[in-house]
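Comments concern the structure below.
The values are calculated or read from the model by the stated rules, or taken from the named source; none is laboratory data. Remember, it's a predicted structure, so these values are computed and weren't measured experimentally. Cβ placement follows ideal geometry from the backbone for every residue including glycine, while neighbour counts extend to all protein chains displayed.
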Amino acid sequence: MEEKIDSDSDWNYNFYQDLIDDINENRNLIQCISCGRCTGDCPAAKISNFNPRKIVERVLKGDKCVLRDSDIWYCFLCERCKRVCPKDKINIPLLIINLRNESFKKGFGPRYTDLRKYVEMAERFLTNGTVLETPLGEPLPEERVDELNEICNFARIKYVFKASKIKEKKQKK
């Protein structure tokens, strides 16, 4: 049965506990000091409404509406947030993956427009090696590029990218 989330039931103080039970490493979110470094260094935040700090804040407050928001689908899992966080062992990309999984379990999932932005970022990464049109700072190390390629394989992003290229070619003909 699909769980209905509306304004009266959006707040659930067991939501954070459920995420901890599902993935123990989410327990470290409680250490967040809301400094905003994760958002300030996030490529997705520069081109969308994605705000890792606000997502963590909403999870800690028990706001289950985060499961149906488009914001969780804009993260590229590049782990910049994890690297700049002043607190130890806060893994926002893992939280995002967990939230996406929970979103699917509740029957939400991404809307087409949400995935379109994500595919655009993936396309830039796969063709240029960057998420943004203008790269931030230095290029990623080869080891990190390999890891991201593995994530793309897991998330089937390459398949979506390839399918969109085939569709473009057909439309041009």
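Of note:
- Flag for SER34 being buried (at least 16 other Cβ atoms within 10 Å of the Cβ) and touching a Lys or Arg at 6+ places or on another chain (Cβ under 9 Å): no
- In segment 78-90, the residues that are of a type in the set (Asp, Glu) form Cβ pairs under 8 Å with partners that are surrounded by 14 or more Cβ atoms within 10 Å (Cβ to Cβ) and part of a helix (DSSP H, G or I), at six or more places apart or across chains, as follows: GLU79/PRO93; ASP88/ASN28.
- From the options CYS75, CYS85, residue that is under 22 Å from GLU120 (Cα atoms) and at pLDDT 85 or above: CYS75
- Among the residues making up segment 83-101, those that are in contact with a Lys or Arg (Cβ under 9 Å, 6 or more places away or on another chain) and either among the aliphatic types (A, V, I, L, M) or surrounded by 14 or more Cβ atoms within 10 Å (Cβ to Cβ) (or both) are VAL84, CYS85, ILE90, ASN91, ILE92, PRO93, LEU94.
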